[in-house]
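Okay, structure first, notes after.
The values are calculated or read from the model by the stated rules, or taken from the named source; none is laboratory data. Since the model is a prediction, treat every value here as computed from it, not as a measurement. As a convention, Cβ positions derive from the backbone with ideal geometry for all residues, glycine included, and neighbour counts pool all protein chains shown.
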């Protein structure tokens, strides 16, 4: 980076820090979701859409996407600086996760000019929310056995079947959809195709799924003779598995190109320092317990090391031995770290850890119990932790399948 570029980046970073300091909203007077997986009410949805649009209009979301599609046309370092400023000031999450992080980068890499022009700008502005149609009720993580059928009929495909765990399905205008177009294909994978499917056509119905936290966010989506235009097909028939695997690389953070921001509240060990300082056990501060102190320090060290691994993963010469190792491990390590951290936070509150949101004796209005219960969603979505361990074992370490 030249001196002029470094100066421009420094000025951009300072402007971003100032903007988020002045514009990051405070408590809106109602509960905000901890991630895009828990948007339950129209009030939450509208608030988060407005926030995303405001950040994009200020130039701090999609800064590295091409300007002809609504982005800033800047180097990736500029978006990284903006996202860092967002984290520093603790703004709300961005709800259009599938558009910003998965569908958008996929379109930039593999979409036609018409598809890029049609979809990308509205993804950034939150005008169009996207959802994902991969998992099915009878198949779970076994995407290769997807059974939702897409039958060609003239200039349309007719869809029949259902998808489950469709995050924001009730608000989405579009779905990235894996469907079966060839029953006589030589393999189950060759019979799959990938669609950029509209959600607003007749024959598409979503039903909300209530989570253990009492929140919603997930839906099951039913397709009954739903007719979508044939040009919703991405690539060619039979290429769905390859495109879906590329999509999962974006979802798991193994490939860059995301629009920026964050879709999960960024918890780390420093998030619970005040909780640890203010909690008591047996009438004494919990930090008087050397075991508690040691565990807290361990979490701080682990969090810092994961952050450094993220940075190392972006420096190719430091990853020559196993080029994809850190990127493929990232999703597994972070989601499990946050789950264990939230569990530890509950132990700090003692018997009050049993109280939940809205209950009189709840610590921080039940934040850590809610965060712990919600943390399992991240360890399941995008491939369960068990699936991720298999991926690391086979593709990074080269271990044989049993």
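Of note:
- For segment 246-282, filtered to residues that are touching a helix residue (DSSP H, G or I) at 6+ places or on another chain (Cβ under 7 Å) and at positive phi, the residue that is surrounded by the fewest Cβ atoms within 10 Å (Cβ to Cβ) is 257.
- Residue among 182, 169, 161 that alone is part of a loop (DSSP other than H, G, I, E, B) and touching a strand residue (DSSP E or B) at 6+ places or on another chain (Cβ under 7 Å): 169
- Subset of segment 98-113 [more than 23 Å from residue 165 (Cα to Cα) and either in contact (Cβ under 8 Å) with a residue 24 or more places away in the chain or crowded, with 22+ Cβ neighbours inside 10 Å (or both)]: 108, 109, 110, 111
- When residues of segment 199-221 are limited to those that are under 23 Å from residue 232 (Cβ atoms) and crowded, with 17+ Cβ neighbours inside 10 Å, the one farthest from the chain's Cα centre (by Cα): 204
- Some residue of segment 224-231 being under 26 Å from the mean Cα position of the chain (by Cα) and either at pLDDT 90 or above or farther than 25 Å from residue 100 by Cβ (or both): no
- Lone qualifier among 120, 95 - being surrounded by 23 or more Cβ atoms within 10 Å (Cβ to Cβ), in contact (Cβ under 8 Å) with a residue 60 or more places away in the chain and either within 24 Å of residue 180 (Cα to Cα) or not assigned by TED's automatic domain parsing to the domain that holds residue 200 (or both): 95
So that you can scan it fast, the table gives a plain yes or no per residue for (1) touching a residue at least 12 places away in the same chain (Cβ under 8 Å); (2) assigned by TED's automatic domain parsing to the domain that holds residue 377; (3) more than 18 Å from the chain's Cα centre (by Cα); (4) surrounded by fewer than 19 Cβ atoms within 10 Å (Cβ to Cβ):
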position	(1), (2), (3), (4)
7	no, no, yes, yes
22	no, no, yes, yes
28	yes, no, yes, yes
34	yes, no, no, no
38	yes, no, no, no
48	yes, no, no, no
90	yes, no, no, yes
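- Among the residues making up segment 311-345, a single one is surrounded by 18 or more Cβ atoms within 10 Å (Cβ to Cβ), without any contact (Cβ under 8 Å) to a residue 40 or more places away in the chain and over 17 Å from residue 387 (Cα atoms): 313.
- Among the residues listed as 358, 354, 366, 377, the single one being outside the structural domain of residue 39 (by TED's automatic domain parsing) and under 15 Å from the mean Cα position of the chain (by Cα): 377
- The listed residue being under 30 Å from residue 246 (Cβ atoms), assigned to a helix (DSSP H, G or I) and modelled with pLDDT under 95, out of 310, 274: 310
- Index of the failed condition, residue 303 passing every other in (1) touching a helix residue (DSSP H, G or I) at 6+ places or on another chain (Cβ under 6 Å); (2) modelled with pLDDT under 90; (3) under 26 Å from residue 84 (Cβ atoms): (2)
- Qualifying residue in segment 383-390 (condition: free of Cβ contacts under 8 Å to residues at least 12 places away in the same chain and part of a loop (DSSP other than H, G, I, E, B)): no
- Among the residues of segment 346-382, those that are touching a residue at least 12 places away in the same chain (Cβ under 8 Å) and in a loop (DSSP other than H, G, I, E, B) comprise 349, 355, 356, 357, 381, 382.
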